[in-house]
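Presented below is the structure to which this report refers.
The values are calculated or read from the model by the stated rules, or taken from the named source; none is laboratory data. From a predicted model like this one, the values you see are computed outputs, not experimental measurements. In this analysis, Cβ positions are derived from the backbone assuming ideal geometry, glycine residues included, and neighbour counts consider all displayed protein chains. For accessibility, only protein heavy atoms count, side chains too; no ligands or nucleic acids. Shrake-Rupley method; radii C 1.70, N 1.55, O 1.52, S 1.80 Å.
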Amino acid sequence: MLPRTALIKIQRSMYDKLKEHASSMFGGLPPELKQYFQEYQKEFQNFSALSTKKQLLLEVLKSDIILCGDYHTLSQAQRTVIRLLRDSIRLLKRKKKRIILALEMLTPQHNAAVKKFLQGKISESQFLELIGFEENWGFPWEHYKPLFDFAKEHQIEIKGINNPTISKNNSLKQRDQFAAKVIAELSEKDPKACLFVLIGDLHLAQKHLPTEIKVRLKRKNISKKLLTI
């Protein structure tokens, strides 16, 4: 058996096992989460074409609001945003665009603590305590810390977009609506701002957060180009 054929066989076997595991987990999801998952999956059924990194960066530079899917437990999801920022920051600043990093892991009530942390006025441990990181978010801090390090190095603002009244009764749609409201307000406050939004990938099916943002912007008579990654 050729090495490549053997590798494909191994990958196929791993894929089948993961698919079986995902299907078993899927059956136990709450109805709303199951619906979001199904609608998210639908958008991957019709493959169009591959895009290069250069094409992606060109689209980023042409956009005002860049929505990035966050798979919370996968550090590469958070690092993807850093890579996009690193590759585009120089040109964005040349265009005199102010960069704002909007994070689902934070609420707007955390913005004051974020500002102090980025300015070095409070320690990391104080910051995590102030935002109640473990209770309110709980995913690995080491995955998200590089975002704050990068923002501090390049003087990028970080804003929270999550609903401060998060509870079991707080639906995914309500979270979409709240995040869209905050994003639209940030866009209205600074028309030159370029927003990089990091939020759970299930929110990014077009009929969810992207549509909610468009509705909010339309109400404010604001025209912005959205890009979903």
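Structure summary
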quantity	calculated
Residue that is farthest from the chain's Cα centre (by Cα), among those in region 125-153 that are among the aromatic types (Phe, Trp, Tyr), assigned to a helix (DSSP H, G or I) and within 11 Å of residue 105 (Cα to Cα)	133
Unmet criterion (only one of (1) under 20 Å from residue 84 (Cβ atoms); (2) modelled with pLDDT of 95 or more; (3) surrounded by 13 or more Cβ atoms within 10 Å (Cβ to Cβ)) for residue 149	(3)
Lone unmet requirement of (1) part of a helix (DSSP H, G or I); (2) on the phi > 0 side of the Ramachandran plot; (3) not hydrophobic (A, V, I, L, M, F, W, C) for residue 173	(2)
Considering residues of region 52-63 that are assigned to a helix (DSSP H, G or I) and surrounded by 13 or more Cβ atoms within 10 Å (Cβ to Cβ) only, the residue nearest to the chain's Cα centre (by Cα)	60
Residue identified as of a type in the set (Lys, Arg), at pLDDT 85 or above and within 18 Å of the chain's Cα centre (by Cα) among 98, 94, 86, 90	86
Neighbours by Cβ (under 6 Å, 6+ apart or cross-chain): first from region 75-97, over 16 Å from residue 199 (Cβ atoms); second among the β-branched types (Val, Ile, Thr) and in a helix (DSSP H, G or I)	88/60
Extreme residue, most open to solvent (accessible area, probe 1.4 Å), among residues of region 111-133 that are within 15 Å of residue 145 (Cβ to Cβ) and touching a strand residue (DSSP E or B) at 6+ places or on another chain (Cβ under 8 Å)	118
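This table checks each residue for (1) open to solvent by less than 40 Å² (accessible area, probe 1.4 Å); (2) under 13 Å from residue 229 (Cα atoms); (3) not basic (Lys, Arg).
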site	(1), (2), (3)
65	yes, yes, yes
70	yes, yes, yes
73	no, no, yes
87	no, no, yes
92	yes, no, yes
96	no, no, no
101	yes, no, yes
